[in-house]
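The values are calculated or read from the model by the stated rules, or taken from the named source; none is laboratory data. A quick note: this is a predicted structure, and the numbers were derived from the prediction, not measured. Don't worry about glycine lacking a Cβ; one is built from the backbone with ideal geometry, like all the others, and counts go over all protein chains shown. With ligands, DNA and RNA removed, areas are computed over all heavy atoms of the protein, side chains included. Shrake-Rupley method; radii C 1.70, N 1.55, O 1.52, S 1.80 Å.
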Amino acid sequence: MTLQAIFEQNRERLISAVSGADAATAIPVLNAELDRILYTFNDQEENARVREAAGSMIQVAKAACSLVDTAGDTKIYGRTDYGAAAPVKGRLPKWGLVLLILGVIGAAVTTVGIQLIASAAAAAAADWQSSGLPPRWLLAALPLLTVLLFFLAGMLLRRGKTAPRETLHAETKLDASLVCNRLLSVILVMDKRLEEVRISARQEEKERQKEQASAMDPEELELLSRLLEDAYGRRGEDGQAEEEISQIRFYLHRKNIDVVDWTPEGNGPGGWFDMMPAFSGGTIRPALAADGVLLKKGMASAGRG
C-alpha cells in the first residue's frame with residue numbers, strides 16, 4: 001500500500017478538521033495525520049530499509065507543514081479592547097450632573113430675582129434693605145454664575161468617561177482543499193522516492209543472494225546434486241524418494257539455489273542439461289542455478305520416441 005492510498009482513506013475527515021482553521025490550529029492536525037500515515041505504512045511494509053526511508057521523509061514533511069502557503073480569503077473585523085481610553089459622547093458623569101442641577105437652581109433663582117427687581121422697581125433705594133430682598137450684587141451675579149455652571153456641565157458632558165475603543169483586525173482562514181492538495185503533492189513525491197528505494201533494496205538483496213549461492217562449497221553442491229540424481233532414479237519405486245527430493249529442494253532454496261527440471265520444449269535454459277539416451281524421457285538429475293546463473297549442470301533424456 002502506498003502513502004497516497006493511506007492518505008486518501010482519511011482525506012475527507014482531514015478537510016473537515018482543517019476547514020476554517022488558522023495556521024496555529026492546522027499544523028498540529030497535519031502533523032497528527034502524517035504520523036497516522038507513517039504508522040499505517042510501516043505496519044504493512046516488510047522492507048526495513050523502506051520503512052526507515054519513509055520515517056525520514058515523514059519527519060521532513062512535518063517540519064515543512066508550517067511553510068506551506070495555504071492562505072485563503074482575509075476577513076477584516078472590529079474588536080473592542082476594554083479598558084482602552086476613548087471619549088464616549090452622550091453620557092454625563094457624576095460631577096457634570098451636580099453642576100447641571102446647580103445651574104438649573106441658579107436659573108430658577110435668577111428668574112425669581114428678576115421678578116423681585118421688577119416688583120420693587122418703584123421702591124426707593126433707601127427702602128431696598130428694609131424690604132427684605134437679597135442684595136443687589138447677588139442678583140446681578142446669579143446670571144453669570146448660572147451660565148458658568150451650565151458651561152462646566154457641558155464641558156464634562158463632552159469629555160465623558162473613558163470607554164472601550166474598537167480596533168480593526170485581519171483574520172486569515174486556511175483553504176482546506178488547498179492544504180490537502182499540497183500535502184498530497186508531497187506524499188506523491190515521497191511515494192516515488194520510496195519505490196526507488198524498494199527497487200534498489202530488492203536488487204541489493206538479489207545480489208546478496210547470488211553471492212551467497214556462488215559462495216557455496218562446490219563439494220557440498222556436488223554431493224547434493226548426486227543425492228538428487230539418486231532420489232530421482234528411485235521415484236515410483238521408493239516411497240521415500242519424493243520426501244528426500246522435497247527436503248533437498250527446501251535446503252537449497254534456503255541457500256537461494258533453484259532446482260530446475262528438464263522440459264520437453266528444449267534442452268533446458270541455455271543448455272543446462274546433458275542429454276542421455278534412455279527408454280523414457282525426463283529429468284535424470286536436475287540442474288542447480290541461482291538467480292538465472294547455472295551452478296551445476298543437470299542430466300536428462302528425451303526418450304526413444
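Observations, loosely collected:
- Of the residues making up region 293-305, those that are part of a strand (DSSP E or B) and open to solvent by 20 Å² or more (accessible area, probe 1.4 Å) are VAL293, LEU294, LEU295, LYS296, MET299.
- Residues located in region 11-36, provided they are over 12 Å from CYS65 (Cβ atoms) and in contact with a strand residue (DSSP E or B) (Cβ under 7 Å, 6 or more places away or on another chain): GLY20, ALA21, ASP22
- Inter-residue pairs, beta-carbon under 7 Å, first over 14 Å from LEU183 (Cα atoms) and in region 17-30, second open to solvent by 20 Å² or more (accessible area, probe 1.4 Å) and modelled with pLDDT of 80 or more, 6+ apart: ALA17/VAL29
- Scanning region 1-47 for residues that are surrounded by fewer than 16 Cβ atoms within 10 Å (Cβ to Cβ), part of a helix (DSSP H, G or I) and acidic (Asp, Glu) yields GLU8, GLU12, ASP35, ASP43.
- Scan of region 272-292 for residues that are open to solvent by 40 Å² or more (accessible area, probe 1.4 Å) and either among the acidic types (Asp, Glu) or assigned to a strand (DSSP E or B) (or both), ordered by number: ASP274, MET275, ILE284, ASP291
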